[in-house]
Amino acid sequence: MRKPKVNRMVLAMCLWCFIMVIFYVHSNLKPASAQGSGKSSDQGKSGRSPLQMLHDSDQLEQSAVQVTHQGRRELLEDACHSYTHKRRVLIPEDLKHIIVDDQHGLLYCYVPKVACTNWKRVLMVLTGAAGPHRDPLAIPANEAHVPGNLRTLSEYSTSQINQRLRSYLKFVFVREPFERLVSAYRNKFTRSYNTAFHKRYGTKIIRQHRPDPQAEALERGDDVSFEEFVYYLVDPATQREEPFNEHWERVHSLCHPCLIHYDVVGKYETLEQDSCYVLQLAGVKGQVTFPTSAKSSRTTGDMAAQFFHSISPFYQKKLYNLYHMDFLLFNYSTPEYLKFQ
Ligand SMILES: *[C@@H]1O[C@H](CO)[C@@H](O)[C@H](O)[C@H]1NC(C)=O
């Protein structure tokens with residue numbers, strides 16, 4: 001009696017998957033005048049969508065900023081071509097990190113530890129989710145992360161998804177992979193207030209990767225060393241059990257940059273210029289300013305080097321292999337402090 005039922009379920013699932021397949025075909029052609037989408041009074045003076053602004057400006061003589069972004073797009077495309085082989089179609093599950101601004105025609109893939117709180121704040125202002133606030137910094141950080149304040153692309157129907165992927169400006173912000181990783185470690189494991197992460201991940205990491213742990217450490221999970229965190233990341237059992245938490249998941253897996261052809265690849269290293277460029281394309285430069293944050297406590301390359309000092313070459317190599325795609329796709333060179341080279 002059980003078997004047919006299981007079979008029926010499998011069949012139903014397959015059918016569902018088939019129906020939900022997203023037929024998003026990338027074209028390098030000029031977008032057809034963003035029909036019906038993103039029409040809004042907010043859109044630049046010319047009434048053109050951000051994606052049209054990008055294509056229009058690329059026709060003219062390019063400024064230095066445009067040349068930079070064109071270079072990044074081409075490098076990403078070449079790297080995708082060289083290093084990924086399996087071509088697959090997108091499913092809604094892949095689009096959970098992509099935030100939609102229907103008023104301006106923007107799609108933003110958020111990557112934790114790459115100024116995503118500030119980008120969410122800006123998008124809340126732009127989409128009206130911030131109420132009367134016009135200053136992004138007036139929005140509390142935790143408010144920016146409340147699910148439901150902003151819509152993600154996975155919430156739309158297949159045809160709505162395809163239409164947005166074709167006609168909206170798609171952008172992502174990335175960061176040197178190991179700096180981002182050290183930043184995640186510092187933020188989630190070395191701050192006493194992050195008890196949720198200590199309980200959820202810290203206790204597990206200590207149980208599995210510390211020989212002879214103390215009962216108190218097992219209970220609290222609040223003193224995970226960077227070394228133990230690395231053991232946890234490179235252990236194949238970790239990802240067999242569940243996907244990585246988004247704070248240390250690779251951009252390649254969060255944003256699918258080889259399936260979704262991002263128009264702007266912003267970098268944390270040039271956060272201010274790149275944010276400004278996106279807001280300019282969106283035609284909202286006068287309406288909202290991207291917050292410039294204090295740089296004092298930021299994780300830097302030097303800081304990352306210090307953390308990696310405690311990691312043996314063997315584990316450095318394993319970790320590098322894990323994040324290799326993010327290094328390749330976004331043109332980050334192998335850090336010089338690594339000892340396996
Ligand atoms: C890639 O990185 C190198 C070294 O940092 C740099 O010189 C080059 O301009 C970058 N290429 C692109 C397309 O960004």
Task: Odd one out for Ser49 among (1) hydroxyl-bearing (Ser, Thr, Tyr); (2) surrounded by 13 or more Cβ atoms within 10 Å (Cβ to Cβ); (3) within 16 Å of the ligand (Cβ to nearest atom) - done: (3)
TODO: Could you tell me which numbered condition His85 fails, if it satisfies all but one of (1) touching a residue at least 60 places away in the same chain (Cβ under 8 Å); (2) more than 27 Å from Gln160 (Cα to Cα)?
DONE: (1)
Task: When residues of region 298-322 are limited to those that are among the small types (Gly, Ala, Ser), in contact (Cβ under 8 Å) with a residue 40 or more places away in the chain and surrounded by 12 or more Cβ atoms within 10 Å (Cβ to Cβ), the one nearest to the ligand (Cβ to nearest atom) - done: Gly301
Open item on the list: If I go through region 282-316 residue by residue, how many of them are in contact with an Asp or Glu (Cβ under 7 Å, 6 or more places away or on another chain) and in a helix (DSSP H, G or I)?
Closed with: 2
Open item on the list: With the condition being closer than 21 Å to Leu254 by Cα and within 16 Å of the ligand (Cβ to nearest atom), I'd like the strands (runs of 3 or more DSSP E) fully within region 61-177 carrying at least 2 qualifying residues.
Closed with: 169-174
Task: Verdict on Ser253 being closer than 30 Å to Arg166 by Cβ, free of Cβ contacts under 8 Å to residues at least 60 places away in the same chain and not basic (Lys, Arg) - done: yes
Open item on the list: All but one of (1) more than 25 Å from Ala130 (Cα to Cα); (2) more than 16 Å from the ligand (Cβ to nearest atom) hold for Met325; state the number of the condition that does not hold.
Closed with: (2)
Task: Failed condition for Thr292, given (1) at pLDDT 95 or above; (2) away from the ligand (no atom under 16 Å from the Cβ) - done: (1)
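The values are calculated or read from the model by the stated rules, or taken from the named source; none is laboratory data. Just so it is clear, the structure is predicted and the values come from calculations on it, not from any experiment. When we count neighbours, we look across all protein chains shown, and the Cβ atoms used for this are built from the backbone with ideal geometry, even at glycine.
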